[in-house]
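Okay, so here's the structure we're looking at.
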Amino acid sequence: MPGGSHYAAVSVVLDPGARRVLIVKRTESPGDPWSGDWALPGGRMEPSDADLRQTAIRETMEETGIRLDADAEQLLELDFFSPSNAPWILVKPFVFRLLRDVEVRLSGELVRYAWVPLEGLRASRDATGRPEFLLEDGERIWGMTARILLEVKARLGAP
């Protein structure tokens, strides 16, 4: 793995029917370039993590209370993505399908969550031509999160 890179992982958590995806809204925080954005549960790899899959599972538990190791099955592992404003951060997405309905308990890092229908995610382009998804309330999923969700939809054959 290249020197100087930072590694992170995110979880694409699908409901038991694999029709809806969990998105989370980050807390507003000075100095955080992704502050207040809709995102996927995840974060940086810690030295105690055996691998990036474990990072995704740990971060999802910490942020949402969902135990992917007990309540889900892994469907896919995607190639690395990087935020366009931080190309040295390599993010590995893992796609999980819940085995049963679960309760979401947000950590202090998050302010909201939503289960968004995959087929309802209609890609558009922002002013710079990058993909984004507009949500019903006028908010948007953009950047790396939108690119990951586009890949997941394509891999799952979702409309």
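Which numbered condition in (1) surrounded by fewer than 22 Cβ atoms within 10 Å (Cβ to Cβ); (2) closer than 19 Å to residue 114 by Cβ is the only one that residue 5 fails?
For residue 5, the exception is condition (2).
Does residue 73 satisfy the criteria of being surrounded by fewer than 13 Cβ atoms within 10 Å (Cβ to Cβ) and either aromatic (Phe, Trp, Tyr) or assigned to a strand (DSSP E or B) (or both)?
Here the answer is yes, as residue 73 does meet what is asked.
Here are the criteria: (1) touching a Phe, Trp or Tyr at 6+ places or on another chain (Cβ under 9 Å); (2) part of a helix (DSSP H, G or I). Tell me which single one residue 153 does not satisfy.
Going through the list (1) touching a Phe, Trp or Tyr at 6+ places or on another chain (Cβ under 9 Å); (2) part of a helix (DSSP H, G or I), residue 153 breaks only (1).
Of all residues in segment 76-89, count the ones that are of a type in the set (Phe, Trp, Tyr) and surrounded by 13 or more Cβ atoms within 10 Å (Cβ to Cβ).
Number satisfying all stated conditions: 2.
Which residue, of 68, 40, is within 26 Å of residue 132 (Cα to Cα) and at pLDDT 95 or above?
Result: 40 is the single residue among 68, 40 that is within 26 Å of residue 132 (Cα to Cα) and at pLDDT 95 or above.
I want to confirm something. Restricting to segment 103-159 and keeping residues that are of a type in the set (Asp, Glu) and touching an Asp or Glu at 6+ places or on another chain (Cβ under 8 Å), which single residue is modelled with the highest pLDDT?
Ranking the candidates gives 109 first.
Could you grab the pairs with beta carbons closer than 6 Å, sequence gap of 6+ or different chains, first residue in segment 69-94 and within 20 Å of residue 23 (Cα to Cα), second one acidic (Asp, Glu) and loosely packed, with under 14 Cβ neighbours inside 10 Å?
94/77
So which residues in segment 55-70 are surrounded by 16 or more Cβ atoms within 10 Å (Cβ to Cβ) and either in contact with a helix residue (DSSP H, G or I) (Cβ under 9 Å, 6 or more places away or on another chain) or of a type in the set (Lys, Arg) (or both), if there are any at all?
Of everything in segment 55-70, those that are surrounded by 16 or more Cβ atoms within 10 Å (Cβ to Cβ) and either in contact with a helix residue (DSSP H, G or I) (Cβ under 9 Å, 6 or more places away or on another chain) or of a type in the set (Lys, Arg) (or both) turn out to be 56, 57, 58, 60, 61, 66, 68.
Which members of segment 35-78 meet the condition of being of a type in the set (Asp, Glu), under 15 Å from the mean Cα position of the chain (by Cα) and under 22 Å from residue 155 (Cβ atoms)?
59, 77
Which of the residues that make up segment 83-100 are assigned to a loop (DSSP other than H, G, I, E, B) and among the aromatic types (Phe, Trp, Tyr)?
Once the filter is applied, which keeps residues that are assigned to a loop (DSSP other than H, G, I, E, B) and among the aromatic types (Phe, Trp, Tyr), segment 83-100 yields only 88.
Do any strands (runs of 3 or more DSSP E) lying entirely in segment 101-150 carry at least 1 residues that are surrounded by fewer than 16 Cβ atoms within 10 Å (Cβ to Cβ), β-branched (Val, Ile, Thr) and in contact with a strand residue (DSSP E or B) (Cβ under 8 Å, 6 or more places away or on another chain), and which ones are they?
Strands (runs of 3 or more DSSP E) meeting the threshold: 110-117.
The values are calculated or read from the model by the stated rules, or taken from the named source; none is laboratory data. Since the model is a prediction, treat every value here as computed from it, not as a measurement. With ideal geometry, Cβ positions are generated from the backbone for all residues, glycine too; neighbour counts draw on all protein chains shown.
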